[in-house]
Amino acid sequence: MLFEKTAYPDNYPINITIANVTEYPYHYHQDVEFIYVLKGEIRLKNVCHHYLLKEGDIFTNSGHEIHGLTATGKENVVAIIQVSNRFFTQYFPTLGKACFMSYVNNDKYLKMDTFRKMLLHILLDYSRKSFNYKNACVDQMIEVINYLNQYFNLFAFDDQVVVDFQNDNSIAVERISRIINYVYENHSSRITLEELAEREHLSTFYLSHLIRDYMGINFQEFLCFARVEMSEILLLETDRKISAIARDVGFSTTSYYEKFFSKWFGHAPQEYRELYMPHILSAARPARLKRLSANQAVTLIRRCMSAVSDQEKSASVIDRLHLSLDVDPQITPVTQIRLSLEVVITQEDYHIMGEGLFSRLHELNASRVILAFRQGDSEATTALITNRLTFIGYEVSTVCDNSLCCGSSAGYDSIAAAIQMFRTCFISKENILHCRLRDQGEPSRILKGLPSCLTSCLVPKPSYYAYRFLRNIKGSLLYWGKYYCVIKNDMPEKDSYTLVAINYNDDIEHLYMRNATVYEANDIITSFKDELNVDFSIPVEPGQYVIAKYALSNFNSIFAHMSHLGFPEDFPLPEAWIHMLNTEPQAQVNIEHADDKLHISSAVKGAGIHIIVVEKYGGDE
């Protein structure tokens, strides 16, 4: 086995391995691969060239290039990032013909700092399984490939070693890139300098000097290099005769092929075959590497990010707060969480919602219902609603609506209300949550700034989902901090936890407490761009665990939807369309295996709440 078929689990087009590498025997594959040295150093053989890659070096293999890694004796950590050509050619049709080269012999090459930062962000999101990380990594990889096409899709020779082409002459870069790609695509055919000059609309004299000056070798040398490079796969993957291989890659004679092969590879073709065949990737000689845990990888990647030269703060700095929490399941709990929900409804709600009223109460898992009556309400309807609720099993009471008067604030319609609920309910001495079900009044006016969890036209606010989350949490509060909390769920026979990370500032926390307008609330929420990263480390029994992540944010809230419309008094489309708007929290579920600890990371960007539910999957192993 020399060809390595890259596996992409779940058809996800990016595969990343972060590991200490002892040996990765010689192999090739059809997809683009990045080798990023995060720590230490490692030796790389790529085609006929040998490199000592040091910390911060990135080598890009464009596919169909035989390569292998060997440790030097010093500790190393290498990120191997494989990218599906099949998937990304829908964005970059010529990806399979690319000739990427990102190895540079200039530590101060600024374009490499940008490239490092782009890959580190992908590695960080992938390793900590950030919320919606798969889509985020794909979007970032599209930017990476675009950047490679722009600055690294060609190469030059430095003392017979292939290195990145560092030149800012955009016309020369474009021409040399075209020439390189054309030569590789047609290497087995007869290619002449005259043909290339005609294609580029240049004289042969000028083109000859252009290639020599920019690539470091002349045209004929480069053509022969491309041919012997492409012959390596045939040499190590087949037992074909040397003369047949020479003919297939474009050489007119076997001796001419052997001359140039020896020049670049240091051995005659047959000698090279005998020397390297025992060192190819196979079942008898597999890759030897030790993968880093997610927590180890995240820690190292963050250190690398801080070392990248373009990390200096700018005037528009985004603060990033990193917190790490080692959970001790035996710690004395702060308190026990047993929340019940008391929901206030009106006859107006019943007339507007009909049977949907009882469905919403069921979704909220309400334990008690208060029917607020107003002057002029029908006693018969009050009795009907009360009897119906009692029959279902709710504890029901009635109260005059005038006693429930409250102020208004746009914060009640936004993520700020949900944040405040999570901030206060765990440390409150009361175990009862109180909420109004629905804003009263004309349904066409969407945002009223009232402390209800549904708008008048029945669109859920962030607080609606917050109540649902909170109502489902039952257990021992082990840790409570300004930005996080850890609950050990009431499941004695299983390891089960609920983890919460909350990102906010004081302005957001207090927004609902004053009569803020929608414009003021929107400015406060959207201007808050700080990032919160919380790493939870939880000791668990060996086995598989379901990790369910939910994100409550301003992104797809009814408040954000109305903000995009400029906060109109009425929704500008027919009423039915407003119920098609998505206001539900984002969710993602996956299964992870743990030997003794689970490492779970949460990254909240801007105002929002992440709720992570962890539970043992299946029986004991």
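Summing +1 for each Lys or Arg and -1 for each Asp or Glu among the other residues whose beta-carbon sits under 14 angstrom from that of residue 422 gives +3.
Among the listed pairs 290/616; 290/549; 488/529; 474/605; 129/597, those whose Cα-Cα separation exceeds 22 Å are 290/616; 290/549; 488/529; 474/605. A simple spin-label model places the labels of residue 74 and residue 320 2.5 nm from each other, with each point 7 Å out along Cα-to-Cβ. Screening the chain for whole DSSP H helices with an alpha carbon extent of at least 24 angstrom along the helix axis and a mean Kyte-Doolittle hydropathy of at least -1.0 yields 110-128, 133-151, 219-237. Take the Cα of residue 431, step 7 Å toward its Cβ, do the same at residue 374, and the gap between the two points is 3.6 nm. Among the trypsin sites (Lys or Arg not before Pro) found in the stretch 1-90, those both in a DSSP coil and sparsely packed, with 13 or fewer other Cβ atoms within 10 Å of their Cβ, are 5.
For the chain, the residue among 192, 579, 440 whose Cα projects farthest onto the positive side of the dipole built from Cβ charges is 192.
Between the entries (i) 28.7; (ii) 25.3; (iii) 30.2, the label attached to Kirkwood radius over Cα pairs in Å calculated for this structure is (i).
Between residue 445 and residue 577, the C-beta separation translates, for a Förster distance of 22 Å, into a calculated FRET efficiency of about 0.85.
About its Cα centre, the chain has a charge dipole of approximately 640 debye under the convention of +1 per Lys or Arg Cβ and -1 per Asp or Glu Cβ, with nothing else charged. Loop-located trypsin sites (Lys or Arg not before Pro) in the stretch 181-216 (DSSP state other than H, G, I, E, B) with a sparse environment of at most 13 neighbouring Cβ atoms within 10 Å: 190.
Between the stretch 527-572 and the stretch 23-41, the C-alpha centres lie 36 angstrom from each other. The distance between label points at residue 590 and residue 546 comes to 1.7 nm (points 7 Å beyond Cα on the Cα→Cβ vector).
Here r is the Cβ-Cβ distance between residue 113 and residue 139 and R0 is 25 Å; the resulting FRET efficiency, rounded to 0.05, is 0.75. Full extension of the chain between residue 275 and residue 262 gives 3.3 nm of extra length, using 0.36 nm per residue less the Cα-Cα distance. Which residue, 269, 66, 354, has the largest displacement toward the positive end of the dipole of the chain when charges sit on each Cβ (Lys, Arg +1; Asp, Glu -1)? My answer, from the dipole projection, is 269.
For the chain, the residue among 385, 415, 38 whose Cα projects farthest onto the positive side of the dipole built from Cβ charges is 38. Among residues other than residue 394 with Cβ under 11 Å from its Cβ, the summed charge is 0 (Lys and Arg +1, Asp and Glu -1). Length gained on full extension, residue 523 to residue 396: 41.7 nm, using 0.36 nm per residue less the C-alpha separation.
Roughly how far apart, in whole Å, are the Cα centres of the stretch 205-256 and the stretch 573-591? So the separation of the two Cα centres works out to 58 Å.
Here, each number is a calculation from the coordinates, and none is a lab measurement. Source: prediction; values computed, not measured. Backbone-built Cβ (ideal geometry, glycine too); neighbour counts: all protein chains shown.
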